[in-house]
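Written out below as structure tokens is the structure these notes cover.
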Amino acid sequence: MSKGTVKFFNDSKGFGFITKKGSNTEHFVHISGLINEIRENDEVELDLTDEKKGLNVKVIS
């Protein structure tokens, strides 16, 4: 598990970006990868998995 901060999330379009803690790496997140609602500057826990189409990001808290 990794931790990060929500940099941006657009509710109407269903996507955003999360910056992984300890790096400047931004990860795309789709609404389908969310358990709860997120907002800018929220601290979240991430489950990052490498898949055929690239890195899959799920926000677990």
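Tabulated data for the structure shown
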{"quantity": "Counted residues, region 26-50 - those being part of a loop (DSSP other than H, G, I, E, B), surrounded by 13 or more Cβ atoms within 10 Å (Cβ to Cβ) and not aliphatic (A, V, I, L, M)", "calculated": "1"}
{"quantity": "Qualifying positions in region 12-25 - farther than 14 Å from S2 by Cβ, part of a strand (DSSP E or B) and not aromatic (F, W, Y)", "calculated": "G16"}
{"quantity": "Residue selected from region 13-25 under the condition of a type outside the set (V, I, T) and within 11 Å of the chain's Cα centre (by Cα), by the criterion surrounded by the most Cβ atoms within 10 Å (Cβ to Cβ)", "calculated": "G16"}
{"quantity": "Lone qualifier among K52, K58, K13, K20 - being at pLDDT 95 or above and not β-branched (V, I, T)", "calculated": "K13"}
{"quantity": "Residue within region 31-44 that is of a type in the set (K, R) and at pLDDT below 90 present", "calculated": "no"}
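The values are calculated or read from the model by the stated rules, or taken from the named source; none is laboratory data. Values in this document were obtained by computation on a predicted structure and should not be read as measured data. Counting neighbours? That spans all protein chains shown, and the Cβs are built from the backbone with ideal geometry, glycine included.
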